[in-house]
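One structure is given below, encoded as structure tokens.
The values are calculated or read from the model by the stated rules, or taken from the named source; none is laboratory data. Owing to the predicted nature of the structure, the values given are computational and were not obtained by experimental measurement. Cβ: placed from backbone, ideal geometry, glycine included. Neighbour counts: every protein chain shown. The accessibility values were calculated without ligands, DNA or RNA, using every heavy atom of the protein model including side chains. Shrake-Rupley method; radii C 1.70, N 1.55, O 1.52, S 1.80 Å.
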Amino acid sequence: MTTRIAAEAVRAACEKMLSLGGAHRGDKTMLDCLIPFEEALEVSAARGEALLDAWAECAEVAQRSAEETANLVPKVGRARPAAERSLGTPDAGAVSMALCIKAVLPQGQTR
């Protein structure tokens, strides 16, 4: 699989989640991790980076993005009723997504 194909697959997943789930970037969901990951993967593909190298680099983007959800207030999903109380806590779905993205890498593979 090439980096371009992986980026296209992740983009398709994002688009499907956006259309089915009703959440958007900034709603404090896993999309706040997945969309930046996909965008970074697209950039890596455009630069012609090898898939494992690109994935490792973009996994770091996913991790940072998941951590940054601590600054967001949930607008949809299960965390919405907790809204303001969730400030300061990263979204569990975003953190889980970042862990899944990282888990794809061979053990010990980092940027």
Cα gyration tensor shape of the chain, rounded if a/c is under 1.5, else prolate or oblate by comparing a/b with b/c: prolate
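Need the full-extension length gain, Leu105 to Val76, defined as separation in residues times 0.36 nm minus the C-alpha distance. One decimal, nm. Working shown, then result.
Details: separation 29, 0.36 × 29 = 10.44 nm, distance 3.05 nm.
Here the segment from Leu105 to Val76 would lengthen by 7.4 nm.
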0 to 90° range, to nearest 10: angle between helix 3-21 axis and the chain longest Cα axis: 20
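Could you check how much of the accessible area of the chain is carbon and sulfur, as a whole percent, using a 1.4 Å probe?
Values: 3650 of 6380 Å².
Ligands and nucleic acids excluded, carbon and sulfur give 57 percent.
How would you order 10-17, 66-73, 89-96 from highest to lowest mean count of nearby Cβ atoms within 10 Å? Present the calculation step by step, with values, prior to reporting the outcome.
Working: 10-17: 14.4, 66-73: 17.6, 89-96: 19.5.
Most protected by this proxy first, the peptides run 89-96, 66-73, 10-17.
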Cα-based helix-to-principal-axis angle, 51-68 vs the chain, degrees rounded to 10: 10
Modelled FRET efficiency - R0 30 Å, Glu8 with Thr89, Cβ distances, 0.05 increments: 0.35
Two-site label geometry, Glu15 and Arg47: point separation in nm, points 7 Å out along Cα→Cβ: 2.5
